[in-house]
Amino acid sequence: MSFQRSPGTQDILPGMVEKWQYVESKAREICRRYNFREIRTPMFESTELFHRGVGETTDIVEKETYNFIDRGDRKLTLRPEGTAGVMRAYVENKLYGEPDVSKLYYIGSMFRYERAQAGRYRQFNQFGVEAVGSVDPALDAEVIALGYTFYTEVGLKGVRVEINSVGTTEVRAAFRSKLLSFLEPKRELLCKDCQSRIDRNPLRVLDCKVDQHHFTDAPSILDSLDEECEQHFNKVKQHLTDMGIPFEINHRLVRGLDYYTHTAFEFKAEGIGAIDTVGGGGRYNGLVADIGGPDQPGVGFGLGLERTIMLLEHQATELPDLTSLDVYLIALGEAADREITKLVYELRSAGIRAERDYQGRKMKAQMKSADRMQAKYTAILGDDELANGEITLKEMATGEQRTVKLQEVAAAIHVK
Ligand code: ATP
Ligand code: MG
């Protein structure tokens with residue numbers, strides 16, 4: 001019998017996993033600087049949370065969720081995105097009772113039943129942030145700045161920021177009727193998905209990937225904004241300009257999820273086949289109240305880490321070394337082997353990245369391992385050295401050899 005991974009899932013193996021560690025540590029480090037704190041919520045929640053929080057008419061909830069019933073007859077769903085769960089936790093743990101804005105971030109797996117292709121998986125990972133408790137446009141700009149900083153600091157080039165305002169519920173209702181009179185005559189020309197979206201959620205039609213060429217003359221939601229929406233949008237743009245963050249306005253940008261208000265944004269980049277969006281987010285002033293909490297406004301984003309890493313590979317970005325060794329220890333003989341077992345333990349305790357042989361191989365094979373593992377030094381212990389309480393230390397780059405006392409190996413390696 002043999003097993004394969006499920007379609008749309010991945011094994012992240014050594015060699016690749018270091019890239020993940022690097023990207024994740026960058027995300028954490030940047031969040032620390034921006035004073036966002038980590039939150040970890042469950043990978044499954046009650047199905048109802050997503051059906052409410054995400055909105056009934058989005059693709060994610062309609063077609064993409066993994067739903068199941070557990071042995072206690074609970075209806076559960078593997079989280080397809082991070083925001084709803086974080087907001088549930090925010091409400092349940094009464095974080096709104098705290099005096100400051102809640103600035104939270106998460107890194108974790110999301111699950112969507114999608115047709116697998118490059119950059120599209122059924123289990124994938126997102127880095128996301130949520131800032132809850134303020135309507136200040138400075139916070140929208142800060143969240144966009146954080147995402148932009150993340151992409152720049154991991155070393156990606158050519159990431160663009162697109163922003164839009166999707167207004168308030170009232171603004172959208174007014175725009176909706178304008179949009180409908182534009183879309184109705186075109187109904188037959190549009191793709192099947194759009195034909196059904198027209199009736200359920202016409203704004204989403206503008207988001208369609210295949211029908212864009214029909215929308216050149218579509219009305220712009222920006223012309224329907226009321227004064228409050230316009231002011232908010234202007235301030236967000238102003239803050240971004242002040243910070244020197246480049247952005248473009250895309251009035252057709254609507255996020256997949258229905259709970260967004262005011263700011264919507266996406267991070268775009270080329271290099272993942274037909275897909276150009278690497279992350280996105282926006283302001284969601286109605287969401288917390290929608291899931292039964294107090295009326296607290298929020299703004300956040302979710303960035304796809306698979307797509308980030310695919311782009312890093314595509315651009316052949318140099319990443320820091322996360323695998324090399326300080327020293328590879330080689331024992332010649334049984335007595336030396338016993339000493340090496342102790343020494344490798346002591347070196348590791350002293351903070352040194354150390355490795356040894358476990359297969360009783362000849363010295364030459366061990367030297368090759370030291371090379372493969374990019375050891376800075378090899379330390380060779382034979383009977384003579386052992387008798388003197390010494391070891392031969394060889395610097396791999398220069399080939400330079402010297403003898404050092406066993407107790408001084410750690411210091412000798414640290415110094416160089
Ligand atoms: P798309 O239009 O590509 O389907 P989306 O609008 O469904 O994206 P969001 O819900 O906004 O995506 O999720 C934010 C980010 O998460 C995306 O920009 C992408 O990088 C990543 N993402 C979403 N779905 C997947 C997936 N199935 N596989 C890998 N990454 C994904
Ligand atoms: Mg999608």
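The values are calculated or read from the model by the stated rules, or taken from the named source; none is laboratory data. Only a predicted model underlies this, so the values are computations on that prediction, with no experimental measurement involved. No Cβ is skipped: glycine too gets one built from the backbone with ideal geometry, and neighbour counts run over all protein chains shown. Remember, those area values only see protein heavy atoms, side chains included, never the ligands or the DNA or RNA. Shrake-Rupley method; radii C 1.70, N 1.55, O 1.52, S 1.80 Å.
Under the convention that each Lys and Arg Cβ holds +1 and each Asp and Glu Cβ holds -1, the size of the dipole of the stretch 189-236 around its Cα centre is about 380 debye.
When the solvent-accessible surface of protein heavy atoms is calculated with a 1.4 angstrom probe, in what order do E130, E48 fall, highest first?
Numbers: E130 0, E48 115 Å².
Accessible-area ranking of E130, E48, largest first: E48, E130.
Taking every protein chain into account, the accessible area of the chain amounts to 50 square angstrom per residue (probe 1.4 Å). Taking the charge dipole of the chain about its Cα centre, with +1 at Lys and Arg Cβ atoms and -1 at Asp and Glu Cβ atoms, the residue from N164, L406, M363 reaching farthest to the positive side is M363. The slack in the chain from K342 to R71, taken as 0.36 nm per residue of separation less the alpha-carbon distance, amounts to 92.6 nm. Put a plus charge on the Cβ of each Lys and Arg, a minus charge on the Cβ of each Asp and Glu, and nothing anywhere else: the dipole of the chain about its Cα centre is then about 860 debye.
In Å, what Kirkwood hydrodynamic radius results for the stretch 327-413 from the alpha-carbon pair distances?
Roughly 12.6 Å, rounded to one decimal.
Label sites at A289 and T317, each approximated as a point 7 angstrom past Cα along Cα to Cβ, lie 3.9 nm apart.
Contact order normalised by length for the chain, with contacts defined as Cα pairs under 8 Å and 6 or more residues apart; what percent is it? It would help to have the intermediate numbers written out before the result.
Numbers: 697 pairs, mean separation 65.0, N = 416.
It rounds to 16 percent for the chain.
Taking every pair of alpha-carbon atoms in the chain, give the share separated by more than 28 Å as a whole percent. All intermediate terms of the calculation are to be shown ahead of the outcome.
On the way: 50147 of 86320 pairs.
Beyond 28 Å sits 58 percent of the P(r) for the chain.
Overall, the stretch 327-413 carries a charge dipole of about 400 debye about its Cα centre when +1 sits on the Cβ of Lys and Arg and -1 on the Cβ of Asp and Glu, all other atoms neutral.
Given R₀ = 30 Å, what would the calculated FRET efficiency be for L222 paired with Y113, taking r from the Cβ atoms and rounding to 0.05? In this case the efficiency is close to 0.30.
Over all distinct Cα pairs, what is the inverse of the mean 1/r for the stretch 1-141, reported as the Kirkwood hydrodynamic radius in Å?
One decimal place: 17.0 Å for the Kirkwood radius.
Shown here for the stretch 332-391: trypsin sites (Lys or Arg not before Pro) in loop regions (DSSP other than H, G, I, E, B) with at most 14 other Cβ atoms within 10 Å, namely R361, K362. Cα centroids of the stretch 353-388 and the stretch 1-43: how far apart, whole angstrom? After rounding, the separation between the Cα centres reads 33 Å.
With an 8 Å cut-off on Cα pairs and a minimum separation of 6 or more residues, tell me the relative contact order of the stretch 327-413 in percent. Walk me through the intermediate numbers first.
Working: 120 pairs, mean separation 26.6, N = 87.
Averaging sequence separation for qualifying contacts and normalising by length gives 31 percent for the stretch 327-413.
Between the helical axis of 363-372 and the longest alpha-carbon principal axis of the chain there is an angle of about 30 degrees. Taking all protein chains as they are arranged and a probe of 1.4 Å, the heavy atoms of Y377 leave approximately 10 Å² accessible to solvent.
On the accessible surface of the stretch 108-264, probed at 1.4 Å, how many percent belong to carbon and sulfur atoms?
50
How long is the gain from K405 to K209 if the chain were fully straight, where each residue apart is worth 0.36 nm and the alpha carbon distance is subtracted? Can you show the working numbers first?
Details: separation 196, 0.36 × 196 = 70.56 nm, distance 6.74 nm.
Full-extension gain reported as 63.8 nm.
In the stretch 129-223, the alpha-carbon atoms span a convex hull of 146 Å³ per residue. With the largest listed first and rounded to whole Å, the semi-axes of the equivalent ellipsoid of the stretch 216-278 from the Cα gyration tensor are 22, 17, 11. Mean-square fluctuation check for the chain, GNM, Cα pairs under 10 Å: which of F111, F44, F150 is largest? Taking springs between Cα atoms under 10 Å, the residue moving most is F44. Subtracting the Cα-Cα distance of W20 and D383 from their residue separation scaled by 0.36 nm leaves 126.4 nm.
Go through the stretch 129-203 and name the trypsin sites (Lys or Arg not before Pro) that are in a DSSP coil and have 13 or fewer other Cβ atoms within 10 Å of their Cβ. List each step's numbers first, then the result.
Details: sites: K157, R160, R172, R176, K178, K186, R187, K192, R197, R200; in loops: K157.
Answer in residue order: K157.
Which lysines have a Cα lying under 22 Å from the Cα of K19, excluding residues fewer than 8 positions away in the same chain? In chain and number order, the partners are K157, K268, K376. The separation of the stretch 141-208 from the stretch 389-410, counted between C-alpha centres, amounts to 63 Å.
Once the other residues with Cβ under 14 Å from the Cβ of L179 are scored (Lys, Arg +1; Asp, Glu -1), what is the net sum? Spell out each step's value before the answer.
Details: positive: R172, R176, K178, K186, R187, R197, R200, R204, R252; negative: E184, D199, D207, D211, D217, D223.
Net charge in that neighbourhood comes out at +3.
Computed over protein heavy atoms with a 1.4 angstrom probe, the accessible surface ordering of D226, D326, largest first, is D226, D326. For Q296, the amide hydrogen comes within under 5 Å of the amide hydrogens of V288, A289, counting only partners 5 or more places away or on other chains and with H modelled in the peptide plane. For the chain, set up a GNM with springs between Cα atoms under 10 Å and report which of G155, G279, G167 has the largest fluctuation. Most flexible of the set in this elastic network: G155.
How large a share of the accessible area of the stretch 327-413, in percent, is made up of carbon and sulfur atoms when the probe is 1.4 Å and the other protein chains stay in place? Present the calculation step by step, with values, prior to reporting the outcome.
On the way: 2410 of 4990 Å².
Reported share for carbon and sulfur atoms: 48 percent.
To the nearest 10 square angstrom, how much accessible area does R5 have with a 1.4 angstrom probe? We get 150 Å² for R5.
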